[in-house]
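Note sheet for the following structure.
The values are calculated or read from the model by the stated rules, or taken from the named source; none is laboratory data. Nothing here was measured: the structure is a model prediction, and the numbers come from that model. Cβ atoms come from the backbone with ideal geometry, glycine included; neighbour counts cover every protein chain shown. Accessible surface is based on the protein model in full, side chains and every heavy atom, while ligands, DNA and RNA are left aside. Shrake-Rupley method; radii C 1.70, N 1.55, O 1.52, S 1.80 Å.
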Amino acid sequence: MKNLPLHQRIVITGVGLVAPGATNLGEFRANLLAGRSGVSTLDLRYMGVHPAGVCSFAETRYRKKRENSRGTRGGCIGVYCANEALVDAGIDFSSYDRANTGVYIGLTEHGTVETENEVYNIGQYGYDVNYWTHHHNPRTVLNNPAGEITMNLGITGPHYAIGAACAAGNAALIQGVQMLRLGEVDLALCGGLSECVGSFGIFASFRAQGALAEHADPTKASRPFDRDRNGIVISEGGCLFTLERLDRALERGARIYGEITGYAMNSDARDFVLPHGPRQKQCMVAALQRAGLEPEQITILNAHATGTRQGDIEECNAIRETFAGCTNTWINNTKSSIGHAMGAAGVLELAGNLPAFTDNMVHPTINLDTPDPDCSLPGLVANTPRQLPQINAILNNSFGMLGINSVVIVERFVAN
């Protein structure tokens, strides 16, 4: 991809995020390197106390409390992340037109929180639908968080949501790259959001599947690759990137976090829930080919692994086959520290690794006390960060239900 003309090369110039235990990239990176978990507990309606990743941030920094009340939790997270990303990138729309700015938001689900709350609310009034809020429809349409962002920022370019299960964050990032290369927009705000800790139905469904993590210490509940893992820790959060064409970024002297050089998406076409390693391998290989890289040129591979037994094993099989003999590829997992943020997972995990291009550190997979032999991976960084001479390329896996797979590759930006 680096042999493309400058206007076809796409770079990340801003990051705005909120994650369990962090409200910006600096805090997030410090927590990951220190092995600090952001997972706590949540007292769920109908279900009691469970481990969960809950976010705390300045909800009224960029819009008023009344506007947050009319909107959604996902919209609130999105508005915060979008503004933070623009501030981080130094973009005030003096050099970009709001009409040529696109907003692409990846979502695993949206609307279940609002619907559950409204059903509960009218239940207090004998299920009289006269007590149902007239805000329900605009709150529950899939484009709601993206639309709330455009209203807050006055962006009049295209906005829409991309539903891609837990691969949605990566999918939105890919969409931003493609729209910039096609010339459909000049600036892209893209990433993923999750408000799912507000939905007891999501917790109940994972528990019914035997896939909801339990642990006496919530900070140890998320434990991908560990023999004693017992499921997913559900988390909320969000991360948005500003994407620009390289020529425009250089022209305005932007700081560049990295260059997106490879990506791929495919489908298992097999099962509603169970993942399929061979298709995951094909997705990684396709992304490498698009980037023009060999497997051994990847320095960090951030694994999707959620802490489910079969899911972790399938991905590990795919990684072992794709990266066999790659002694300079190091593998980590971010969900061990923050849980699974669903639609925000892929982009939060990528963001948590981006500073590695500067500090040359691989953040660890925490809670890996008794490694599962079936998840054995050469190069797996466990419990303690690893210092390297230089980090050149990051490959980010993000997979989802209905067999959707996504891979994004970001390389260290080198001016040439």
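A compact table of results
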read-out: Accessible area (Å², per residue) of the chain, counting only protein heavy atoms and a probe of 1.4 Å; value: 38 Å²
read-out: Cα convex hull of the stretch 144-264 - mean projected area over all directions, nm²; value: 10.4 nm²
read-out: Full-extension gain in nm, Leu402 to Arg61, via 0.36 nm per residue minus C-alpha separation; value: 119.0 nm
read-out: Solvent exposure, largest accessible area first (probe 1.4 Å, DNA, RNA and ligands not counted), of Arg309, Arg229; value: Arg309, Arg229
read-out: Amide H contacts of Ala393 (H built 1.01 Å from N, under 5 Å, at least 5 apart or other chain); value: Thr299, Ile300, Arg412
read-out: Other-chain or far-sequence residues with amide H under 5 Å of Arg227's (modelled H); value: Thr370, Asp372
read-out: Derived scalar couplings ³J(HN,Hα) [the stretch 255-261; Karplus, 6.51 cos²θ - 1.76 cosθ + 1.60; whole Hz; x for Gly, Pro]; value: 6, 10, 6, x, 10, 7, 10
read-out: Beta bridges by DSSP in the stretch 171-264, antiparallel share as percent, to the nearest 5; value: 90 percent
read-out: Inter-probe distance in nm under a simple model that places probes 7 Å from Cα toward Cβ, at Thr115 and Ala34; value: 4.0 nm
read-out: For peptides 281-290, 406-415, sequence by mean Cβ density within 10 Å, most packed first; value: 406-415, 281-290
read-out: Calculated FRET efficiency for the pair Leu274/Met47, C-beta based, R₀ 25 Å, to 0.05; value: 0.50
read-out: Hz values of 3J(HN,Hα) by residue in the stretch 93-100 - Karplus curve (6.51, -1.76, 1.60), Gly and Pro given as x; value: 6, 7, 10, 10, 9, 4, 6, 10
read-out: At R0 = 51 Å, FRET efficiency that the Cβ-Cβ distance of Gln390 and Arg207 yields, to 0.05; value: 0.70
read-out: Cβ-derived FRET efficiency at R0 45 Å, Ile122 paired with Asn360, nearest 0.05; value: 0.20
read-out: Packing-based order for 111-124, 235-248, using average beta carbon neighbours within 10 Å, highest first; value: 235-248, 111-124
read-out: Estimated vicinal HN-Hα couplings, Hz - the stretch 145-150 in sequence order (Karplus 6.51, -1.76, 1.60; Gly, Pro = x); value: x, 5, x, 4, 5, 5
read-out: DSSP bridge pairs, the chain: antiparallel proportion in percent, nearest 5; value: 65 percent
read-out: Carbon + sulfur, % of accessible area of the chain - ligands and nucleic acids excluded, 1.4 Å; value: 50 percent
read-out: Reduced Cα scattering model of the chain, Debye log10 I(q)/I(0), q = 0.07, 0.10, 0.11 Å⁻¹; value: -0.29, -0.61, -0.74
read-out: Accessible-area value, His7, 1.4 Å probe, nucleic acids and ligands omitted, Å²; value: 90 Å²
read-out: Rounded to the nearest 10 Å², the accessible area of Glu251 at probe 1.4 Å; value: 150 Å²
read-out: Cα-based reach from Lys65 at 16 Å (exclusive), listing aspartates and glutamates while leaving out same-chain residues under 8 positions away; value: Glu148
read-out: Distance between the stretch 364-414 and the stretch 31-80 - C-alpha centres, whole angstrom; value: 26 Å
